[in-house]
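The values are calculated or read from the model by the stated rules, or taken from the named source; none is laboratory data. What you are looking at is a predicted structure, and each value in this text was computed from that prediction instead of being measured. Please note: Cβ atoms are built from the backbone with ideal geometry, for glycine as well, and neighbour counts cover all protein chains shown. The accessibility values were calculated without ligands, DNA or RNA, using every heavy atom of the protein model including side chains. Shrake-Rupley method; radii C 1.70, N 1.55, O 1.52, S 1.80 Å.
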Amino acid sequence: MSPRRFALSEKVEKGSEKIENIQDLEGVGPVTAGKLTDAGFDSVEALAVAPIRELVDKANLESSAAIKIVKAARQAIQLDFINAKELWEKRQGLLKLTTGTKNIDKLLGGGVETQAITEFVGEFGTGKSQLCMKLSITTQLPHEDGGLEGKVLFIDTEGTFAPQRIHQIAQAMQLEPEKLLEGIFYSRVYNSDHQILAVDRSFKLCQEENIKLLIVDSVLSHFRSEYIGRESLSERQQKLNAHLHKLTRIAQALNLAVVVTNQVQANPQAFFGDPTRPAGGHILAHASTHRIMLRKASGGLRAARVIDSPFLPESETFFQITEKGVEDAVPKTRRED
Ligand SMILES: Nc1ncnc2c1ncn2[C@@H]1O[C@H](COP(=O)(O)OP(=O)(O)O)[C@@H](O)[C@H]1O
Ligand SMILES: [Mg+2]
């Protein structure tokens, strides 16, 4: 089946005119439009999926005004109700992106899914950023090669994105490095507020530039270093929750894939098995549709395994980091690990 393009909902003809700009919505004058745009709600689609609280907090609106605007936006794109056939079509529209390794694709049930958040978790040096860079290339490939024929937004919190590495992988794959580099929008963010803002403002870019993969590498590092101590934990989790919900809404509204990376933290409760667990607690666990745990294995290989999945098996598979990015690998003997 050839994947079809998918839009959450087509804009509805209202009389003969379509509502394209937020200014044309009832209740949005030029001043309000300015406030909304500044807060990143710059399209009818973005407003239709916005929580009222966010409009109140970020765009400084009265809640009655915010409710009215969101209602108008939903009406304009007929978001409130869809029938089961439309739901079925939406599922049909779900696309899968190759990681460049058959092993990990299989682990994910065919590849990284659109309309969802996929999380790669692991200690330093396990290949999380390498996977993100590889995906930044595969996203731009044609559908028949496992790509999404779209561009990439790479939000980098640690400064580890390396254009020269993209260049190298592209060359090794016999693709055009310059063209692929042009297809990656890059944002280096310096603190958690900056990170939140970058995502809040990305809706329009994602829509206009046909972004099909949004990466946050890594999603928690700023939050973890800024909110230290028990007393700030609930504030951190609240902000993180809103941030992750935003990512989910973008993924679903625009049928794009979201990939985040995460570190591990010590799990003192583990008497048996893995003494580490993903950072971020239940908030991140709930937000991620698929979680893949990476670890270093013997012979320079990396192992990947699905964790917390309700339906994917918890098997382990192997890959290695090479000139081409990431590739399948077979361990010499499984007992060596
Ligand atoms: N061109 C390359 N060829 C082979 N291995 C590489 C290459 N570039 C980076 N690596 C390896 O990738 C690993 C770092 O992976 P990275 O994705 O940055 O880890 P993290 O999980 O911390 O994001 C290092 O072990 C490094 O040796
Ligand atoms: Mg990294």
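Odds and ends about this structure:
- Residues of segment 49-68 that are in a helix (DSSP H, G or I) and open to solvent by 50 Å² or more (accessible area, probe 1.4 Å): I52, R53, D57, K58, S63, S64, I67, K68.
- Lone qualifier among G147, G127 - being within 16 Å of ligand 2 (Cβ to nearest atom), open to solvent by less than 10 Å² (accessible area, probe 1.4 Å) and among the small types (G, A, S): G127
- Candidate set: segment 287-317, residues that are part of a loop (DSSP other than H, G, I, E, B) and among the charged types (D, E, K, R); chosen: the one farthest from ligand 1 (Cβ to nearest atom): E314
- Considering the conditions (1) closer than 29 Å to E314 by Cβ; (2) of a type outside the set (K, R); (3) within 11 Å of ligand 1 (Cβ to nearest atom); (4) open to solvent by 40 Å² or more (accessible area, probe 1.4 Å), G122 is excluded by exactly one of them, (4).
- Residues located in segment 189-212, provided they are open to solvent by less than 50 Å² (accessible area, probe 1.4 Å), more than 16 Å from ligand 2 (Cβ to nearest atom) and in contact with a helix residue (DSSP H, G or I) (Cβ under 6 Å, 6 or more places away or on another chain): S192, I196, V199, F203, C206
- Residue check for S225: exposed (fewer than 14 other Cβ atoms within 10 Å of the Cβ) and either in contact (Cβ under 8 Å) with a residue 40 or more places away in the chain or not aromatic (F, W, Y) (or both): yes
- Filtered residues of segment 142-164 (kept if of a type outside the set (S, T, N, Q) and touching a residue at least 60 places away in the same chain (Cβ under 8 Å)): H143, L148, E149, G150, K151, V152, L153, F154, I155, D156, E158
- Tabulated pairs, segment 201-216, first touching a residue at least 40 places away in the same chain (Cβ under 8 Å) and under 20 Å from I137 (Cβ atoms), second among the hydroxyl-bearing types (S, T, Y) and outside any strand (DSSP E or B), C-beta under 8 angstrom, 6+ apart or interchain: I211/S202; K212/T114; K212/T139; L213/S136; L213/T139; L214/S202; I215/S136; V216/T157
- Verdict on K90 being away from ligand 1 (no atom under 16 Å from the Cβ) and open to solvent by 70 Å² or more (accessible area, probe 1.4 Å): no
- Against the test of being among the aliphatic types (A, V, I, L, M), out of contact with any Cys (no Cβ under 6 Å at 6 or more places or on another chain) and assigned to a loop (DSSP other than H, G, I, E, B), the options L141, L180, L131, L205 yield a single qualifying residue, L141.
- Considering residues of segment 150-179 that are farther than 30 Å from G281 by Cα and open to solvent by less than 40 Å² (accessible area, probe 1.4 Å) only, the residue nearest to the chain's Cα centre (by Cα): G150
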